[in-house]
1. Only one of these conditions is not met by P45: (1) away from the ligand (no atom under 13 Å from the Cβ); (2) in a loop (DSSP other than H, G, I, E, B). Which number is it?
2. Against the conditions (1) farther than 16 Å from L34 by Cβ; (2) surrounded by 15 or more Cβ atoms within 10 Å (Cβ to Cβ); (3) touching a residue at least 24 places away in the same chain (Cβ under 8 Å); (4) not basic (K, R), where does N51 fall short? Just the number, please.
3. Within the range 133-142, count every residue that is within 16 Å of the ligand (Cβ to nearest atom) and either within 26 Å of the chain's Cα centre (by Cα) or modelled with pLDDT under 95 (or both).
4. For E404, indicate whether it is surrounded by fewer than 21 Cβ atoms within 10 Å (Cβ to Cβ), farther than 27 Å from S290 by Cβ, charged (D, E, K, R) and within 16 Å of the ligand (Cβ to nearest atom).
5. Given the criteria farther than 24 Å from L409 by Cβ and touching a residue at least 24 places away in the same chain (Cβ under 8 Å), does G319 qualify?
6. Tell me whether the range 107-123 contains one or more residues that are polar (S, T, N, Q), within 16 Å of the ligand (Cβ to nearest atom) and in a loop (DSSP other than H, G, I, E, B).
7. Let me confirm something: among G237, G203, G210, which residue is in a loop (DSSP other than H, G, I, E, B), in contact with a Leu (Cβ under 9 Å, 6 or more places away or on another chain) and more than 18 Å from E42 (Cβ to Cβ)?
8. Looking only at the range 106-132, which residues are within 24 Å of C76 (Cα to Cα) and over 26 Å from the mean Cα position of the chain (by Cα)?
Amino acid sequence: MRGFIIKGGTPLAGEVIIDGAKNAALGILAGSLLTDDDVIIENIPDVSDINLMIKAIGNTGARVDRLDAHSVKINCSTIETYALDNDDIGKMRGSYYFIGALLGKYKQASVAFPGGCDIGSRPIDQHIKGFEALGANIKVESGIIEASTKELKGNHIYLDSPSVGATINIMLAAVLAKGQTIIENPAKEPHIVDVANFLNSMGGNVKGAGTDVIRIKGAERLHGSTYSIIPDQIEAGTYMIAAAATRGDVVIKNIIPKHLEAISAKLVEIGAEIEESDDSIRVVATKRLSHTNVKTLPYPGFPTDMQPQISTLLALSEGTSIVTETIFDNRFKFVDELARMGAHVKVEGNSAIIEGVDRLSNARIYAPDLRAGAALVIAGLATEGITTVQQIEYIERGYERFDEKLRGLGAAIAIVNVDDSNEVEKFKLRIV
Ligand code: EPU
């Protein structure tokens, strides 16, 4: 089985460059369906979820030209089908954005129910409520969501919870609806603003993204655009925690520091040093860090996508920390893997009570999902000796060249067949 093999214990040092935001790219790629003109999207991350999304766009009959690893030109004037219902598409979360985009442009869509990481119950009732409010008929049958209407009409939509997916999906459909749509209690994550900016660059009229009310005036048509995606806040945050956990000194470049405030504040609180500049953050940790409490919340609160990483850091910090997960109901699966490494973490309801230990020990561990997988790699990097992390397909959904970027910071990490003792021995010989 493919896995990361890590010889930990070396403080990370140097510079790492952050790629484009995966969760913004998913919405923006789907948004390219809203016009018949050419759309060029730059700074897309070269990760498996995005590559699957691009492949799915090609499967509709659209012309897709991968200009290089990080940019793609899409022309959707040749779309032949509004059905995206194969097995591949059902594996990913971002597939739900095809419903909003196809409904917006063609007034019909047939899309496989979205998959994605198993981090708890992930209903899409708020997406459906939004589409219905715009006048669509929605039917869910045999794992397929069918959406259709003669005409989409703007409406007032109040989201019960500030869902990232529902906010983006409703924007995608409403941007070509007749009249005005108002989304109240929308998500405010940086990728919401990025998708809105992209739609506006195509001639859309979306105002208020990033605030408590989004107002969308439906356009007659959208035109082509060349658009560059914002940096990935979660990729950046993951390297910040990796620097802190290994007592390293890392400059994380090509980022928007404001998007990382919740993470920076927690790191400062537990004793790390943070230096911010316009588009980079330096994280320095010279000693064992201290305990704190963390509660995940919608942006600008502490992101759920950083919860496994900070929990891992706190498992190595001094004292008792409590981490409360309020967004997803099953995002502590990695705790069992950390326990194999000697961490003292007890999960009670939606909180993890973490008694920091001063060192972890090596183990063969499994990535249960994308962010938890990254957190377990951090655990391996912070631990003397050899750790292997398997099921890295999860990690590859959202981290571009994770091993290569970590090697650039001095980490001893490689992808090997962890069941092949020759490959493991070769790695050990290489790093001594
Ligand atoms: N929710 C509902 N009904 C809905 C939609 C959401 O009750 O119709 C609830 C969810 O159950 C959850 C909360 O609202 O409790 C937030 O869910 P949200 O819709 O915001 O999440 P998502 O769209 O499923 C996206 C990201 C996740 C990220 C969350 C929260 C994508 C493809 N996925 O998921 O990213 O954790 O927002 O920020 O954008 C990841 O990248 O590792 C990842 C899991």
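1. In the conditions (1) away from the ligand (no atom under 13 Å from the Cβ); (2) in a loop (DSSP other than H, G, I, E, B), P45 misses (1) alone.
2. (3)
3. Start the filter on the range 133-142 by keeping residues that are within 16 Å of the ligand (Cβ to nearest atom), which leaves 133-134, 136, 138, 140.
Filter once more, keeping what is either within 26 Å of the chain's Cα centre (by Cα) or modelled with pLDDT under 95 (or both): 140.
Counting residues in the range 133-142 that are within 16 Å of the ligand (Cβ to nearest atom) and either within 26 Å of the chain's Cα centre (by Cα) or modelled with pLDDT under 95 (or both) gives 1.
4. No: the conditions fail for E404.
5. Working: farther than 24 Å from L409 by Cβ: yes; touching a residue at least 24 places away in the same chain (Cβ under 8 Å): yes.
When the stated conditions are applied, G319 passes them.
6. The first filter runs over the range 107-123 and keeps only residues polar (S, T, N, Q), leaving 108, 110, 121.
If we keep only those that are within 16 Å of the ligand (Cβ to nearest atom) too, we end up with 121.
Pick out the ones that are also in a loop (DSSP other than H, G, I, E, B) and you get 121.
Yes, the conditions are met somewhere in the range 107-123.
7. Details: G237 fails: in a loop (DSSP other than H, G, I, E, B); G210 fails: in contact with a Leu (Cβ under 9 Å, 6 or more places away or on another chain).
Unique residue meeting the criteria: G203.
8. Narrowing the range 106-132 to residues within 24 Å of C76 (Cα to Cα): 106-114, 127, 131.
Within the range 106-132, Y106, K107, Q108 meet the criteria.
The values are calculated or read from the model by the stated rules, or taken from the named source; none is laboratory data. Values in this document were obtained by computation on a predicted structure and should not be read as measured data. Backbone-built Cβ (ideal geometry, glycine too); neighbour counts: all protein chains shown.
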